[in-house]
Amino acid sequence: MPRGPGPGETPFMSRKSKQSVIVIGGGISGLATAWWLHKASVDVVVLERDRVPGGTMRTVRENGWLIETGPNSALETTPLFQTLFDDLGLRDEVLYANESSNNRYILREGELHALPMSPGAFFRSRLWSIGGKLRLLKEPFVRRAEREETVAEFVERRLGREFLDYAINPFVAGVYAGNPEELSVRAAFPKLYRLEEKYGGLIRGQIKGRKERRERAEQSKDRARMFSFKQGMQTLPAALHRALAGRVKTSMEVRQISFTDDARVPHFEVRGRNKKTAFKLMADAVVTAIPTGGTAALLSRFGKPLSDSLSRIPYPPVAEVYLGFRSEDIGRKLDGFGFLVPARENRKILGTIWSSALFPGRAPQGFEALTTFVGGSRQPELVEYDDEQLIQLVTQELGQIMGVRDTPCIARVTKWQHAIPQYILGHLDIMEELEYLERRHPGLFISGNFRGGISVGDCVMRSERVARQVLEHLKNPERRITTTEGAGL
């Protein structure tokens, strides 16, 4: 069982106490950061604006259907997940995806093609033309770029236009709901960028990089196991919430952070409102783990140009459309993770996850659950459709692509108006400004999925790094540890 507060502990301080930390934001980044600090016996409190912590990780159960309105799964890219499962008593709750989940499909000319997972399968695949396949053979001989590139520029230069159109374009839409012509390859896919920088090419780097990942006990995302929980992804933030006991305070709207540098120890003051009641807290360190809009507002006192830059990081809207059908009304076998749609196909969906094919207990016996994504940077205007229009649109698209033959038995639409931060060109310049701000104000740590990766695994790894940096600051308040230190960047 996780350890709760001990006798005499006061998890919510109205005045500064020894080694106290405030974490602003109760999503997975904030909760996990607080957990690592709590394990190190730091007096930590989490301030969450919403009534229920967990951020976008939300699960709904309805008459035998399990509906994820945020992330549908995560990849076990770090051993920190196993640590969390043990810490939180979740090992018996973890579900690993069926082996067929390794099968991914890409739509081309109205037909679903399996994404090849081996060199032999690649050359046999009809997803790319012979010319497109031969173009990849030139990759080891392509020279490095001399300027910051978009993902599209990087991939077309190294791998060719066809690989960009029918592999990377749909992949970027599936991961970021983004556009490869806008994202910075160095910011959005730093490991891909480093393969060229360190090894001179992607193929050579992929081969040599496997050994280095094994030495770091890390898994590449294409080899890591996919997991969820018996009761859905909200299990993880809910378990962290319980383990932190009274240290998570909900309905807490933080409005101001101020820094006081007295002659003894610098400290922070956090002000806000809990419903109609004002509050003021003081701490030795503050971690922000909220989206850029809220972060920008809180940092405006520390530097308006940086605040303005943060507020301009785009977050495209996404509609998540969950539909359930009778198994016999689906015209193909659900033998994989799902499919992605390249922009060249001129469809109105980004892709579909075959939710009931991944984990048991996602749909009643004899039924299938499909989760489809609409909008993103590609077609943000579609998110403005009402729920009935979106359900009709997706049902029609699935009928043409997958042979779905009837109206859904269940339908639920979730709209995220600011879904995923886009790491566009210039993103790393903003991150450098954040590091400079942190160096100027020891004890202030800026976290969130706009910094260092957007996946659940990225958030967990970043939370542990930030917690270590906070602990180092508490031991040596005058020494500033940058957010990239020890990050393997």
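The values are calculated or read from the model by the stated rules, or taken from the named source; none is laboratory data. As the structure is a computational prediction, the values presented were derived from the model and not from experiment. For neighbour counting, all protein chains shown are included, and Cβ atoms are generated from backbone atoms with ideal geometry for every residue, glycine included.
Testing residue 286 on (1) more than 30 Å from residue 109 (Cα to Cα); (2) touching a Ser or Thr at 6+ places or on another chain (Cβ under 8 Å); (3) in a strand (DSSP E or B); (4) among the aliphatic types (A, V, I, L, M), one condition comes back false. Which one is that?
So residue 286 meets the others, but not (2).
Out of the residues in segment 306-327 that are part of a helix (DSSP H, G or I) and in contact (Cβ under 8 Å) with a residue 24 or more places away in the chain, state the one that is farthest from residue 106 (Cα to Cα).
For segment 306-327, the residue satisfying everything is 306.
Kindly indicate whether any position in segment 215-232 is at pLDDT below 95, in a helix (DSSP H, G or I) and not hydroxyl-bearing (Ser, Thr, Tyr).
Yes, because at least one residue in segment 215-232 is at pLDDT below 95, in a helix (DSSP H, G or I) and not hydroxyl-bearing (Ser, Thr, Tyr).
Quick check on my filter: what residues within segment 135-153 are assigned to a helix (DSSP H, G or I) and modelled with pLDDT under 95? Spell out how you get there, then give the answer.
Here is the first cut: in segment 135-153, the residues assigned to a helix (DSSP H, G or I) are 135-136, 139-141, 151-153.
Across segment 135-153, the qualifying residues are 135, 136, 139, 140, 141.
Consider residue 452 against the criteria (1) modelled with pLDDT under 95; (2) of a type outside the set (Val, Ile, Thr); (3) under 23 Å from residue 258 (Cβ atoms): it satisfies all of them except one. Which criterion is unmet?
(3)
When you scan segment 318-331, do you find a residue that is at pLDDT below 95 and assigned by TED's automatic domain parsing to the domain that holds residue 411, even just one?
Of all residues in segment 318-331, those at pLDDT below 95 come to 331.
If we keep only those that are assigned by TED's automatic domain parsing to the domain that holds residue 411 too, we end up with 331.
Yes; the residues of segment 318-331 include at least one that is at pLDDT below 95 and assigned by TED's automatic domain parsing to the domain that holds residue 411.
Any residue in segment 375-397 that is part of a strand (DSSP E or B), closer than 19 Å to residue 67 by Cβ and modelled with pLDDT of 95 or more?
Yes, some residue in segment 375-397 is part of a strand (DSSP E or B), closer than 19 Å to residue 67 by Cβ and modelled with pLDDT of 95 or more.
Per-residue answers, yes or no, for (1) in contact with a Ser or Thr (Cβ under 6 Å, 6 or more places away or on another chain); (2) outside any helix (DSSP H, G or I); (3) touching a residue at least 24 places away in the same chain (Cβ under 8 Å):
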position	(1), (2), (3)
38	no, no, yes
45	no, yes, yes
51	yes, yes, yes
55	no, yes, yes
60	no, yes, yes
70	yes, yes, yes
81	no, no, yes
85	no, no, no
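Across segment 408-429, which residue is nearest to the chain's Cα centre (by Cα) among those that are in a helix (DSSP H, G or I) and surrounded by fewer than 19 Cβ atoms within 10 Å (Cβ to Cβ)?
428
Name the residues in segment 137-182 that are over 26 Å from the mean Cα position of the chain (by Cα), closer than 17 Å to residue 106 by Cβ and surrounded by fewer than 19 Cβ atoms within 10 Å (Cβ to Cβ), would you?
161, 162
Name, by its number, the condition in (1) under 26 Å from the mean Cα position of the chain (by Cα); (2) modelled with pLDDT of 95 or more; (3) surrounded by 18 or more Cβ atoms within 10 Å (Cβ to Cβ) that does not hold for residue 108.
Condition not satisfied by residue 108: (1).
From 378, 405, 362, grab the single residue that is of a type in the set (D, E, K, R), farther than 10 Å from residue 319 by Cβ and crowded, with 24+ Cβ neighbours inside 10 Å.
None of the others qualify; the one that does is 362.
Identify, by number, the condition in (1) among the acidic types (Asp, Glu); (2) within 14 Å of residue 192 (Cα to Cα); (3) at pLDDT 90 or above that residue 165 doesn't meet.
(2)
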